[in-house]
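A.B. asks: Pasting in a structure now, in structure tokens, and then I'll have a few things to ask.
The values are calculated or read from the model by the stated rules, or taken from the named source; none is laboratory data. Given the structure is predicted, the values throughout are model-derived calculations rather than measurements. Cβ atoms come from the backbone with ideal geometry, glycine included; neighbour counts cover every protein chain shown. Remember, those area values only see protein heavy atoms, side chains included, never the ligands or the DNA or RNA. Shrake-Rupley method; radii C 1.70, N 1.55, O 1.52, S 1.80 Å.
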Amino acid sequence: MAKLSCDFRFLLIPAAIVFIYIQMRLFATQSEYADRIAEAMDAEHHCTSQMRLLIDQISMQQEQIVALEEGKRRKEHECAQLRALVQDLEKKGLQRITDKTQVPVAAVVIMACNRADYLERTIASVLKYQSSVASKYPLFLSQDGSDPNVRRKALSYNQLTYMQHLDYDPVHTERPGELIAYYKIARHYKWALDELFYKHNFDRVIILEDDMEIAPDFFDYFEAASALLDKDKSIMAVSSWNDNGQKQFVHDPYALYRSDFFPGLGWMLTRSIWDELSPKWPKAYPSWLSILLKENHKGRQFLRPEVCRTYNFGEHGSSMGQFFQQYLEPIKMNDVKVDWKSQDLSYLMEDKYKKYFADIVKEAKPVPTIDAVLKASNIKGDVRIQYKDQSNFVNIARQFGVFEEWKDGIPRTAYKGVVVFRYQPPRRVFLVGPDSLQQLGIENA
């Protein structure tokens, strides 16, 4: 019995050891789980903190979005009020300056942006001759943008109707280095012409820029030309400008020409022509030369004077004074009050002009291209000089000092490839293209 009791005590020792070991393992496991629980709690606290921070950021962004939306609504409301004001001013101005019994010859629009000092000079020049014929030529000023000085200056005149083009769409140029201003100008022109032709229902529009002065017979000239526009659908537009209109190259204030080159700088077009041009109006300003030149004008021409009826004094602008000192500053603006109503302009009609011009060219004495200036100086009467190609033309034009530039294969001012200007007036010089005589039907010349 004593032996059995002793054996039992010996069995308790390993059991105790096992029990202690198990207790130690349980304690270690509990400690490990406690550490993990603490880490989890820390992670939960961190996540909660981050979530609260994120919620705060979202709340702030939502407040900013609400503020931006409110600002946008406020701006849209202000723009709507401004547009309504401009439309009201347009309506009142048009009612004031339009004679209900007089059908206008053409609306006149001055295109402006941010040159208030230039604008004042232009408006003064236009009003000097427009006031007496205001019912025939309702005057508009179209401002691109919101320059306050231009707007204030425009609204100070009761004799004109103010229009404002507000364009907030971003401009994406198609080629590197292009001026954004050229895209803005193109958008402004399209908007203004759409307004005048389709909203105000004018049959013709004369476009001026905010850096131009006009000649005493400017309006009489365009009234006479409007009759030609109505009769002869081969005339696409009428211009008051001659690119080679510098003082030394002009003489006759009565002389008018047809041209395959669009002169611009004070020009008139009809609603039927705008119906054609408006849907394909280019995105950038210089490109509209192409739309009005060889590819698009379908064999039609433009009318231009020998002596300019506008003068461009804008040395500073979107074109950054390009050609100003050489070609624009020396321009001769007509100072003779021509009675255009008494002039027979039927020679400018398509069925007569080609023969009329061909006869003048045919009578001119041929002069070789070598030392052309010297030889022309020694001949009395008109002369003609035939050029072989564009580079040959540029060389001859440079000798005389006239415009060398071509656009879309057409020299400036040219008709059937012939460029005419005065040299030691009244002598006329005809620079004749390689196939110009053939186009004019001149044989054995």
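A.B. asks: Among Tyr33, Tyr189, Tyr118, which one shows the biggest mean-square fluctuation in a GNM of the chain, springs joining Cα atoms closer than 10 Å?
C.D. replies: Highest fluctuation among the options: Tyr33.
A.B. asks: Further question on the same structure: Which of Pro138, Pro176, Pro263 ends up with the largest GNM mean-square fluctuation for the chain, with Cα atoms connected below 10 Å?
C.D. replies: Pro176
A.B. asks: Hey, if we sort Trp281, Trp274 by accessible area with the 1.4 Å probe, largest down, what's the order?
C.D. replies: The most accessible residue leads, giving Trp281, Trp274.
A.B. asks: Ok, one more. Given a 1.4 Å probe, how much area per residue of region 137-176 is accessible, in Å²?
C.D. replies: So region 137-176 comes to 50 Å² accessible per residue, rounded to a whole number.
A.B. asks: Starting from the Cα gyration tensor of the chain, multiply each eigenvalue by 5, take the square root, and state the resulting semi-axes largest first in whole Å.
C.D. replies: Result for the chain: semi-axes of 81, 31, 18 Å.
A.B. asks: Let me ask something else. Between Val133 and Asp194, what is the FRET efficiency for a Förster distance of 25 Å, r being their Cβ-Cβ separation, to the nearest 0.05?
C.D. replies: Working: r = 25 Å, r/R0 = 1.01.
In this case the efficiency is close to 0.50.
A.B. asks: Sticking with this structure for a sec: Hey, what angle do you get for helix 218-231 against the long axis of the chain, alpha-carbon based, 0 to 90 degrees rounded to 10?
C.D. replies: 90 degrees
A.B. asks: Can you sort Cys47, Cys113, Cys308 by 1.4 Å-probe accessible area, starting with the largest? Numbers along the way, then the final one.
C.D. replies: Details: Cys47 80, Cys113 55, Cys308 0 Å².
Accessible-area ranking of Cys47, Cys113, Cys308, largest first: Cys47, Cys113, Cys308.
A.B. asks: Okay, moving on. Among Leu265, Tyr182, Ala215, flag the residue with its Cα farthest along the positive direction of the charge dipole of region 173-278, charges on Cβ as +1 for Lys/Arg and -1 for Asp/Glu.
C.D. replies: Tyr182
A.B. asks: Provide the net charge surrounding Phe393, with neighbours chosen by a C-beta distance below 11 Å and charges set as Lys +1, Arg +1, Asp -1, Glu -1.
C.D. replies: It works out to a net charge of 0.
A.B. asks: Under unit Cβ charges (Lys, Arg +1; Asp, Glu -1), what dipole magnitude, rounded to 20 debye, does region 300-445 have relative to its Cα centre?
C.D. replies: 280 debye
A.B. asks: For the Cα atoms of the chain, what angle does the longest principal axis make with the long axis of helix 390-400, in degrees from 0 to 90, nearest 10?
C.D. replies: 60 degrees
A.B. asks: Which one of Val250, Val418, Val336 has the biggest mean-square fluctuation once the chain is modelled by GNM with Cα springs under 10 Å?
C.D. replies: It is Val336.
A.B. asks: Tell me, what is the 1.4 Å probe accessible area of Lys128, in Å² to the nearest 10?
C.D. replies: Roll a 1.4 Å probe over it and Lys128 shows about 140 Å².
A.B. asks: Then there's this: In the neighborhood of Asp382, defined by Cβ-to-Cβ distances under 15 Å, what is the net charge if each Lys or Arg adds +1 and each Asp or Glu adds -1?
C.D. replies: Local net charge: +4.
A.B. asks: Determine the calculated [θ] at 222 nm for the chain from helices alone, applying -39500 (n - 2.57) to every DSSP H run no shorter than 4 residues and normalising by the residue count; nearest 500 deg cm²/dmol.
C.D. replies: -14500 deg cm²/dmol
A.B. asks: Still on this model: Measure off 7 Å from each Cα along the Cα-to-Cβ vector at Tyr356 and Gln57, then give the distance between these two points in nanometres to one decimal.
C.D. replies: Placing both labels 7 Å along Cα→Cβ, they lie 7.8 nm apart.
A.B. asks: Let me ask something additional. Using the heavy atoms of the protein chains alone and a 1.4 angstrom probe, what is the accessible area of region 318-445 per residue in square angstrom?
C.D. replies: 53 Å²
A.B. asks: A follow-up question, please. Could you tell me which residue out of Gln57, Ser391, Ala15 lies farthest along the dipole of the chain toward its positive end? Charges go on the beta carbon: Lys and Arg +1, Asp and Glu -1, centred on the Cα centre.
C.D. replies: Highest projection toward the positive end goes to Ser391.
A.B. asks: Ordering Met41, Met24, Met236 by accessible area with a probe of 1.4 Å, largest first, what comes out?
C.D. replies: Met24, Met41, Met236
A.B. asks: Report the local net charge at Phe197: Lys and Arg +1, Asp and Glu -1, summed over other residues whose C-beta lies under 14 Å from its C-beta.
C.D. replies: -1
A.B. asks: Moving on to the next point. Rounding to the nearest 20 debye, state how big the charge dipole of the chain is about its Cα centre with +1 on each Lys and Arg Cβ and -1 on each Asp and Glu Cβ.
C.D. replies: 1000 debye
A.B. asks: Sticking with this structure for a sec: Using θ = phi - 60° and the Karplus form 6.51 cos²θ - 1.76 cosθ + 1.60, what ³J(HN,Hα) does each residue of region 265-282 get, whole Hz, x for Gly and Pro?
C.D. replies: Calculated HN-Hα couplings, in order: 6, x, 9, 10, 9, 9, 5, 5, 5, 5, 4, 7, 8, 3, x, 10, 4, x Hz.
A.B. asks: So, one more: Run the quick spin-label model on Ile370 and Ile20: label points 7 Å from Cα toward the beta carbon, then report their separation in nm to one decimal.
C.D. replies: Roughly 13.0 nm, to one decimal.
A.B. asks: Once Lys and Arg get +1 and Asp and Glu get -1 on their Cβ, which of Gly71, Val126, Leu196 lies farthest toward the positive end of the dipole of the chain?
C.D. replies: Of the candidates, Val126 comes out farthest on the positive side.
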